[in-house]
1. Using a cut-off of 15 Å between beta-carbons, work out the net charge of the residues near B:Gly183 (Lys and Arg +1, Asp and Glu -1, B:Gly183 not included).
2. Can you give the FRET efficiency for B:Lys234 and B:Ala134, using 1/(1 + (r/R0)^6), R0 = 30 Å, r = Cβ-Cβ distance, to the nearest 0.05?
3. Starting at the first residue of region A:110-127, write each ³J(HN,Hα) from the Karplus equation 6.51 cos²θ - 1.76 cosθ + 1.60 with θ = phi - 60°, in whole Hz, x for Gly and Pro.
4. What net charge do the residues around B:Asp31 carry, taking every other residue with its C-beta under 13 Å from that of B:Asp31, with Lys and Arg at +1 and Asp and Glu at -1?
5. Just to be sure I understand the model, the point goes 7 Å from the Cα along the line to the Cβ. What's the resulting B:Leu19 to A:Gln155 distance in nm?
6. Quote the FRET efficiency, to the nearest 0.05, computed for A:Arg69 versus B:Lys241 with a Förster distance R0 of 45 Å and r equal to the Cβ-Cβ distance.
7. What is the distance, in nm, between label points placed 7 Å from the Cα along the Cα-to-Cβ direction at B:Ala56 and at A:Leu40?
8. Which FRET efficiency value, to the nearest 0.05, do you get for A:Ala128 and B:Asp4 by plugging their Cβ-Cβ distance into 1/(1 + (r/R0)^6) with R0 = 22 Å?
Amino acid sequence: MAFEQDLLELLPRLRRFARSLTRNIDDADDLCQMALERALNKRDQWQAGTRLDSWMYRITRNIWIDTVRAAGRREHVANDDDAMERIAGDDHRRMESRMELKDVDRAMDRLPIEQREAVSLVLVEGFAYKEAAALLDIPIGTLTSRLVRGREALQRELGEAA
Amino acid sequence: MTFDDQTIMAYVDGECDALTVKRIEKAMTTDSALADRIGKARALRDKLAAHYAPVASEEIPDRLTALLIPATASDVDTSFAARKAGQEQAKRQRRLFGLAQWGAMAATLALGVIVGQYGLNGSPDSPFAQQDGALVASGPLENALDRQLASTQADDSGFRIGLTFRARTGAICRSFTGQAVSGIGCREGQQWKMISTLPGGVQGDYRQASSSALNAVAAELMANGPMDADAERKSLESGWK
């Protein structure tokens, strides 16, 4: 089918997008896998003639947001001692794994999610402001202010080298 | 004239209107602080793009392609036919697979089948031998690939030649079908290196069964179309170069 064929062609870009969102290669491929599965299930909802890449990016991004939010909720509801310890342990591990991240990965990882996705779509994936804003369902003004803040943070983090 | 961060960013992102672009570029010639801000903004963009760019050329994990390939497999034959007509779709498809990927698949598939049947390098009748870690044609298969022409081969040949074509790597490759195993061999030096092999060969009509799967693989590999009888003969006469 042409649909699978087109998805196959999009995959390298989707993986790149997922990597810039999640920073971790396994998480990124998990995200791509979920996105592909959802796309295949919902293929009827894609309107032929519209851009498949935007549709796929949107699916990928939505799953990512859901995953991040679900993870956040779990950490908030856990409040007994054991759970606290577990979270502290997790944080420690996360810190350690952060040490191994490359500068850019780490800087991206520290961005608030709404800045990260904006930066990723425009700076990494090369979408025009209008396309990125449509994909994220936000006004262009909102997108550009997130981009400005995201860039400032990255610039600070990466220092003069950037 | 001063420009805010948003304008500088938009300039770097190619999102400014023509008039603003002109103004900025004029101001940059005299305002070194502005030139510096733009330089930094551009460097950041370049740095991010360069950092993630290699991901797009990584080999895609099987678990992802597996979601899409089963459904495309039935389509490959169409594009194989379409290739002859020179259609665009085939070209796009070709980019997706490399020889290395098929080679890796070939090794796993073929070794299981053949080792089970003959043992490697064990029997002079074995159609395969191992050489420098690669699987190459030997014995009856080597003979068939070396000498047999699809247009003149006997119906009861042990191995039947399917397609002969030039791969994108430049090598001549030939697909074959046999009782126990079918596959594609590509010329490397004086050897036929196995690029793809499928267990189980053909009973009866060799055009059925595995040959359609082989054609699909061949379609991924070939630079142009398959050779006709004339080109195949000339290729044999020039030593499959």
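1. Within the 15 Å Cβ shell, the charges total +1.
2. Working from the Cβ atoms, E equals 0.65.
3. In residue order, the calculated couplings are 7, 5, x, 4, 6, 7, 4, 5, 5, 4, 4, 5, 8, 7, 8, 8, x, 6 Hz.
4. Working: positive: B:Arg23, B:Lys26, B:Arg37; negative: B:Glu25, B:Asp36.
So the environment of B:Asp31 carries a net charge of +1.
5. Taking the two extended label points, one gets 2.6 nm.
6. It comes out at approximately 0.15.
7. Spacing of the two 7 Å Cα→Cβ label points: 2.5 nm.
8. My answer for the efficiency is 0.60.
We did not get these values from a lab; they are worked out from the coordinates using the rules stated. On a predicted model such as this, the values are computed, not experimentally measured, just so you know. Neighbour counts run over all protein chains shown; Cβ positions are idealised from the backbone, glycine included.
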